[in-house]
1. Amide H of residue 133: which non-local residues (sequence gap of 5 or more, or other chain) have their own amide H closer than 5 Å, using H built in the peptide plane?
2. Students often check this: by mean Cβ neighbours within 10 Å, which of 191-202, 61-72 ranks highest, and how do the rest follow?
3. With a point put 7 Å past each Cα toward its Cβ, work out how far residue 284 is from residue 144 in nm, to one decimal.
4. Using label points projected 7 Å from each Cα along Cα→Cβ, tell me how many nm separate residue 273 and residue 102, to one decimal.
5. Can you work out the accessible area per residue across the chain, with the rest of the protein chains kept in place, probe 1.4 Å, in square angstrom?
6. Which FRET efficiency value, to the nearest 0.05, do you get for residue 60 and residue 183 by plugging their Cβ-Cβ distance into 1/(1 + (r/R0)^6) with R0 = 22 Å?
7. What list of ³J(HN,Hα) couplings, whole Hz, do you get for region 284-298 from phi and the Karplus terms 6.51, -1.76, 1.60, once you set θ to phi - 60° and write x for glycine and proline?
8. If we count every other residue with Cβ under 14 angstrom of residue 118's Cβ, Lys/Arg +1 and Asp/Glu -1, where does the sum land?
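The values are calculated or read from the model by the stated rules, or taken from the named source; none is laboratory data. The model shown is predicted, which means the values in this text are computed figures rather than measured ones. Reconstructed Cβ throughout: ideal geometry from the backbone, glycine too, with neighbour counts over all protein chains shown. Side chains included, ligands, DNA and RNA excluded: accessible areas come from the protein's heavy atoms. Shrake-Rupley method; radii C 1.70, N 1.55, O 1.52, S 1.80 Å.
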Amino acid sequence: MITGSNYAQTTIVIKFSHVVANDSPKGLAAIHFKELAEKMTKGRVRVDVYPNSKLYKDNEELEALQLGVVQMLAPSLSKLSALGFHEFEVFDLPYLFPNKEALHRVTQGPIGRDLLSRLETKNIVGLGIWDNGFKSMSANKPIHTPDDMRGLKMRIQPSKVIATQMRDLGATPLTLSFTYAIDSLRFGLADGTENPPSNFYMMQFIDLQKYLTLTNHGYLGYAVIVNKKFWEDLPAEIRVQLSSAMNETTKFANAMAQQQNELDLAAIRSSGKTTVYELTEAERIQWRKALLPVQQQMETRIGKETLNAVTQEVGNSHE
Ligand code: LMR
């Protein structure tokens with residue numbers, strides 16, 4: 001068994017695996033954490049970041065973490081549902097968060113901490129929640145109203161909430177890991193997808209999707225998680241230093257993600273390849289009306305307690 005004292009002389013290596021590029025919000029935050037962690041532990045810890053599903057695809061990485069083959073991940077909150085924690089799908093509910101401040105009261109407050117602490121029964125410790133941003137719909141035909149979604153095959157992340165959202169719009173959800181998203185569009189398996197501008201631009205979807213409509217309907221955020229046994233076996237002072245590096249990184253990540261999405265949206269617009277459409281106020285009301293029923297439909301899946309706690313915190317009761 002590895003104990004704290006085994007680490008006295010050796011460099012502690014954290015393999016941090018993720019599925020997006022180094023210049024995406026998650027990729028940049030991972031590198032920021034690496035730099036801070038190595039500095040704050042005075043080199044006793046080394047963080048090796050493996051981007052772009054180089055080590056594991058997102059349907060494999062959770063198992064790798066639980067087995068201890070990698071020590072750190074940042075899967076989207078939706079993907080934790082695969083471990084049986086369906087309450088994390090609350091973050092997928094369309095139009096739940098009225099603004100970033102309300103969202104952060106949940107992700108950075110007691111509700112976020114409570115949700116992360118539940119992962120411990122699966123040998124996982126949650127260290128924080130990082131933003132990417134709000135997702136928008138894209139396809140190869142213009143999408144203005146919810147009716148325009150009818151008949152489209154949409155690539156989604158694994159989440160019953162997102163699948164229900166697509167079905168309510170008359171679209172067909174196609175659940176695929178992130179690495180297959182691009183091929184599903186390239187080979188016509190999917191007609192469209194939903195992403196924040198950063199992932200859309202980073203994946204070069206500008207070459208595959210002619211229209212992007214700023215529906216901003218759902219949140220994409222990440223749980224930064226570590227293998228519990230690895231974490232608990234670390235010397236106490238290293239755990240304190242890494243926690244402090246993580247807290248600083250989370251602040252950096254959330255400010256930077258917003259900027260990165262703004263920059264990437266500007267780049268999508270100026271590419272001339274994808275037409276970006278802004279909803280009119282009347283259309284925005286139609287989208288909200290079409291998607292708000294998902295909250296009631298998914299109450300049992302998410303759990304009434306979690307849903308009520310979140311809706312109360314954001315001041316957006318679903319009753
Ligand atoms: C997705 O599968 O669309 C995202 O979760 C990918 C990511 O990690 O940003």
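1. 220
2. Most protected by this proxy first, the peptides run 191-202, 61-72.
3. Calculated label separation equals 1.7 nm.
4. 3.5
5. On the way: 13320 Å² over 319 residues.
Computed with neighbouring chains in place, this is 42 Å² per residue.
6. 0.80
7. With coefficients 6.51, -1.76 and 1.60, one gets 4, 5, 4, 4, 4, 5, 5, 9, 4, x, 4, 4, 5, 4, 9 Hz.
8. Cβ neighbours under 14 Å give a net charge of -2.
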